[in-house]
Amino acid sequence: MPRPRSGPTRKPPYDPDAAIAALSAADPKLARLIERAGPFILRLPSQQSPFEALAESIIYQQLHGKAAATIHARMLASFEPICGLGNHPSPQHLLDCPNEQLRSAGLSKNKMLALRDLAAKTLDHTVPTLAAIKKMSDENIIEHLTQVRGIGRWTVEMLLIFRLGRPDVLPVDDYGVRKGFALTFLGLKPTQKVTPDLLATREQMERRGKKWAPWRSVASWYMWRACDLAAGKIVPPQ
């Protein structure tokens, strides 16, 4: 699950109360988890283009959140003389800048290549604009964006849930969602050492997920909350 980012936020473009009511009616076990985990509090970043969101995702891949945030901030700061304070570089800025500028921010060679490919594919419209992407289906978005170097299905699913606010995404390859599913539905104990055979399979999740449509993003969010409950990060109401 992506870490929350700073900056202005907005509510998802759907009614969480309607989603929770429908999910609770469709799945009593999920209803009990929702009751224990508390209200749905997902917020989306305001005014973030697909290019900006994916650039951030590439930088955050396989890094601790604090380290990734530092690198991201350094990269943005390096463009201030061109873009101005607080403005994100354009795709053309990213293509034109020297490798040393990106290296100095702390980016690896693979991430530099991925960012440049993202910039090029934004300019050639493989990566759609925000206005265009709002009109596309989830699968069409995944098909377009996974053409970018370093962007896989999971990264696009996180974009769909946490940036675009799509309501019906079930990321069956996400570790946290698989673990939360096992804790909620498969009898995994919070104190158990988790091994791959104890996690939910794609088939188990897709089968139960049919009950959750068209609100599978909200159900997935509660799978992450199940992990937080197991780790003691949420204290359930008495």
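A few notes on this one:
- Residues satisfying the stated conditions in segment 147-185, i.e. under 17 Å from the mean Cα position of the chain (by Cα), in a helix (DSSP H, G or I) and in contact (Cβ under 8 Å) with a residue 24 or more places away in the chain: Thr155, Met158, Leu159, Leu160, Ile161, Phe162, Tyr175, Gly176, Val177, Arg178, Lys179, Gly180
- In segment 115-141, the residues that are β-branched (Val, Ile, Thr) and within 30 Å of Gln101 (Cα to Cα): Thr122, Thr126, Val127, Thr129
- In the condition set (1) surrounded by fewer than 20 Cβ atoms within 10 Å (Cβ to Cβ); (2) part of a helix (DSSP H, G or I); (3) in contact (Cβ under 8 Å) with a residue 40 or more places away in the chain; (4) aliphatic (A, V, I, L, M), Leu42 is compliant with all but (2).
- Count of segment 203-228 residues which are outside any helix (DSSP H, G or I) and either surrounded by 16 or more Cβ atoms within 10 Å (Cβ to Cβ) or in contact with a His (Cβ under 9 Å, 6 or more places away or on another chain) (or both): 1
- Any chance Leu188 is assigned to a loop (DSSP other than H, G, I, E, B), surrounded by 16 or more Cβ atoms within 10 Å (Cβ to Cβ) and either of a type outside the set (A, V, I, L, M) or in contact with a helix residue (DSSP H, G or I) (Cβ under 7 Å, 6 or more places away or on another chain) (or both): yes
- Flag if Ala55 is surrounded by fewer than 17 Cβ atoms within 10 Å (Cβ to Cβ) and either acidic (Asp, Glu) or not in a loop (DSSP other than H, G, I, E, B) (or both): no
Each value in this text was obtained by applying a stated rule to the coordinates, not by laboratory testing. If you're wondering where the values come from, they're calculated on a predicted model, not measured in any experiment. Every residue, glycine among them, receives a Cβ derived from its backbone with ideal geometry; neighbour counts consider all protein chains shown.
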